[in-house]
1. Considering B:264, B:195, B:301, B:248, which residue is crowded, with 24+ Cβ neighbours inside 10 Å and at pLDDT 95 or above?
2. Find all pairs meeting these conditions: Cβ atoms under 6 angstrom apart; at least six residues apart or on different chains; first residue within the range A:53-77 and in contact (Cβ under 8 Å) with a residue 12 or more places away in the chain; second residue basic (Lys, Arg).
3. Touching a residue at least 40 places away in the same chain (Cβ under 8 Å), out of contact with any Phe, Trp or Tyr (no Cβ under 7 Å at 6 or more places or on another chain) and surrounded by fewer than 16 Cβ atoms within 10 Å (Cβ to Cβ): which single residue out of A:224, A:229, A:216 fits that description?
4. Quick test for you: out of B:164, B:187, pick the one residue that is more than 20 Å from residue B:266 (Cα to Cα) and crowded, with 23+ Cβ neighbours inside 10 Å.
5. Please go through the range A:105-145 and give me each residue that is touching a Ser or Thr at 6+ places or on another chain (Cβ under 6 Å) and part of a helix (DSSP H, G or I), ordered by number.
6. For residue B:140, are the conditions met, namely being in contact with a helix residue (DSSP H, G or I) (Cβ under 7 Å, 6 or more places away or on another chain), over 17 Å from residue B:35 (Cβ atoms) and without any contact (Cβ under 8 Å) to a residue 40 or more places away in the chain?
7. Could you count how many residues in the range B:256-279 are aromatic (Phe, Trp, Tyr) and within 12 Å of chain A (Cβ to nearest Cβ)?
8. Quick one: which of A:280, A:238 is within 21 Å of residue A:15 (Cα to Cα), touching a Ser or Thr at 6+ places or on another chain (Cβ under 7 Å) and surrounded by 16 or more Cβ atoms within 10 Å (Cβ to Cβ)?
Protein chains: 2
Amino acid sequence: MENNIKTVIVGSIGLDDIETPFEKKKSILGGSVSYACAAASFFSQTGMVGIVGTDFPESYMDIYKKCGIDLQGLQQVEGKTFAWSGVYDADMINRETISTDLNVFETFMPELPQAYRKAPFLLLGNIAPELQLHVLAESDNPEFIIADTMDLWINIARDSLIELIGKIDMLTLNDSEARLLTGKYHLRHCAEKILNMGPKYVIIKKGEHGAMLFSADGIFIIPAYPVQAVVDPTGAGDSFAGGLIGHLATLGEVNDTNIRAAMLYGSIVASFGVEEFSLDKLTTLNKADIEARCNEFKTMLAVT
Amino acid sequence: MENNIKTVIVGSIGLDDIETPFEKKKSILGGSVSYACAAASFFSQTGMVGIVGTDFPESYMDIYKKCGIDLQGLQQVEGKTFAWSGVYDADMINRETISTDLNVFETFMPELPQAYRKAPFLLLGNIAPELQLHVLAESDNPEFIIADTMDLWINIARDSLIELIGKIDMLTLNDSEARLLTGKYHLRHCAEKILNMGPKYVIIKKGEHGAMLFSADGIFIIPAYPVQAVVDPTGAGDSFAGGLIGHLATLGEVNDTNIRAAMLYGSIVASFGVEEFSLDKLTTLNKADIEARCNEFKTMLAVT
């Protein structure tokens, strides 16, 4: 089995306290690598690189296993798991971080198991660029490397981030982060500047408004699937990136057409993910649900 | 010529003072019917219903004529033209109204010239619902009626607005207005409630994020074309609605497929409009420019 790992994803694992205008949840399974691996696993064999403490519930391990995620790259060490708590505004889009306890994440040094090193698809989820560079250095020339980042690293680790951006195939970040990174306002100008930093592709995420892909092949714009009711938007960007790389790993060649298709699948997995807290929806979903919504979404996007 | 009028549009004509982070313009030609008629005129013979004062510059009349707009429905009366001034934020999206002088608009009673009454396509631009109802009463059973509205009328003339909504085929309004009108948050729920009020179609406009069409046929989502540099976003929604109805008037049957195509054209005309102040861009544009950008936009939206 271990030689079949197509996709490797590194990122955070957190125990989240989340408050929305409608509900409050305590210590639920979260973190970028949880969402991304669950999403990618619908499409290809995915290995998780992350860290948890000894307090990490066995039932959460079972969720990962139920998703079919390979856990050879998951470290469990003495101490408490990374914990995050946040409160969403009435619009369910903006949120305030109440607390962040790094705990075992503070000294995390990701290690790629042997079985992961030759995986052709690598997603460097949102963690410190130094750690992303470390994972990259341990991997054996992956075919396609995506990195995600956030405003924190643009502000405090810009040099390492720029070094990283020079070594990857695709950067994903949200619109405000693209503006912060480049000092430009219009997204086309932001993208142009990022492409000049090295990657062949950049995806600018616009939350509930979808995402845009930029490359030498042109621009692709995908709206978000209009979910009936968002229960918890946490992790949507991670599910998107996970679904994207997981699906892309099944398509053979990486090119503009295939990335567009993979973005469609990523969007759909993310749209399901926000319908429940944590991985609750992703763990009860099957491939047919995803295909059906993909087809429905395509009819929503069709112009002749 | 007068019997060829396919599209009639009523709305405001203003002399606008506009300040953006980059430029300040005084007394430029604006108003919903100016933008909408200029946009519609690319596609079908369009008649304008509006009012100006004796101060309205002859050169602005010439702009309307250059666009090929039929002006039989344009009243010129003693007094000053409606004037609006506003300042845009750094993001070029949000704006503050500095002053609104209704002037001749205060006593405006739109009158449909005989030649306009049988026009099959009617766009009731954003004015008081009472006036929209009056224009509707004067017209002779149009094939397709679109009305646009805004928060002001939802707040101060809700009953007339609801009466109007019961008599039209399509309502266009922006996302915050849809929420205000319906008391719902999710756009699908807003749209459902509006469709229950009478119209077969509702378009919820999302500014720089595009627009969504809702009907019994389903949902259509169109992003906005990513313009390189927005110079002045004023009138974008009006150009969109004008381009939409003007193009729709050329397509024969009104149905979901044709409305989708018309929304594509409306989006593209609007995208050109914001590249200059006032009608500056729309008056120098030709049909081939529009077709070329429509084709470019379609490649940006294509998923296989």
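The values are calculated or read from the model by the stated rules, or taken from the named source; none is laboratory data. Note that the structure is predicted; figures quoted are calculated from it, not measured. A quick note on method: Cβ atoms are made from the backbone with ideal geometry, for glycine too, and the neighbour counts reach across all protein chains shown.
1. Numbers: B:264 fails: crowded, with 24+ Cβ neighbours inside 10 Å; B:195 fails: crowded, with 24+ Cβ neighbours inside 10 Å; B:301 fails: crowded, with 24+ Cβ neighbours inside 10 Å.
Within the list B:264, B:195, B:301, B:248, the selection yields B:248.
2. A:53/A:80; A:55/A:80
3. A:229
4. B:164
5. Within the range A:105-145, A:117, A:129, A:130 meet the criteria.
6. On the way: in contact with a helix residue (DSSP H, G or I) (Cβ under 7 Å, 6 or more places away or on another chain): yes; over 17 Å from residue B:35 (Cβ atoms): yes; without any contact (Cβ under 8 Å) to a residue 40 or more places away in the chain: yes.
It is true that residue B:140 is in contact with a helix residue (DSSP H, G or I) (Cβ under 7 Å, 6 or more places away or on another chain), over 17 Å from residue B:35 (Cβ atoms) and without any contact (Cβ under 8 Å) to a residue 40 or more places away in the chain.
7. The total comes to 1.
8. On the way: A:280 fails: touching a Ser or Thr at 6+ places or on another chain (Cβ under 7 Å).
None of the others qualify; the one that does is A:238.
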